[in-house]
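The values are calculated or read from the model by the stated rules, or taken from the named source; none is laboratory data. Quick caveat, the model's predicted, so the values are computed rather than measured. Cβ atoms come from the backbone with ideal geometry, glycine included; neighbour counts cover every protein chain shown.
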């Protein structure tokens, strides 16, 4: 999370909150972020003028998203800060979840977890501070199976991450062995 994406997310959240549009903007940002990711080469190409990118997005999104969402994306394009969109969307989602009392955890794990595993994770993630203890029972999981994770998990919520994967633990052990305990 960069200070720039944090600033963008905070300013957008304040505007959305004052207009009563937190949930609307939250869902629209996810859709727009996915759309831009699908057309990533075009939108990230510095040779394409910002005005052309804005015009294309307006053509696709005009009337489909709230003007606040459209102006936010336009601002990022005009300032050539589109690279900050994914982190700003994630941080906005965290603020939105906190605002609504809901918590969404993005969970990367090497297998499809059962109900018992998810219940155990809710408690552990609350203990670690990734999700508020009062909201732990309401936490929902977006699970993605990641065969690259040997064991353990990586959980993200509200712009924060806990990496309890075996890969990371092994990397830390190698680092300690090579450079000594720090």
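Taking the range 133-181, which residues are more than 21 Å from residue 95 (Cα to Cα), touching a helix residue (DSSP H, G or I) at 6+ places or on another chain (Cβ under 6 Å) and loosely packed, with under 15 Cβ neighbours inside 10 Å? Once the filter is applied, which keeps residues that are more than 21 Å from residue 95 (Cα to Cα), touching a helix residue (DSSP H, G or I) at 6+ places or on another chain (Cβ under 6 Å) and loosely packed, with under 15 Cβ neighbours inside 10 Å, the range 133-181 yields 150, 151.
Within the range 69-86, one or more residues are surrounded by fewer than 21 Cβ atoms within 10 Å (Cβ to Cβ), at pLDDT 90 or above and under 22 Å from residue 144 (Cα atoms). For first residues located in the range 79-92 and over 18 Å from residue 14 (Cβ atoms), partners that are assigned to a loop (DSSP other than H, G, I, E, B) and modelled with pLDDT under 90 and lie 6+ apart or on another chain with Cβ distances below 8 Å form the pairs 80/46. Identification of helices (runs of 4 or more DSSP H) wholly contained in the range 36-97 with 2 or more residues that are in contact with a strand residue (DSSP E or B) (Cβ under 7 Å, 6 or more places away or on another chain) yields no element. If you check 125, 118, 130 for being closer than 25 Å to residue 9 by Cβ, assigned by TED's automatic domain parsing to the domain that holds residue 167 and either part of a helix (DSSP H, G or I) or in contact with a helix residue (DSSP H, G or I) (Cβ under 8 Å, 6 or more places away or on another chain) (or both), only one passes: 125.
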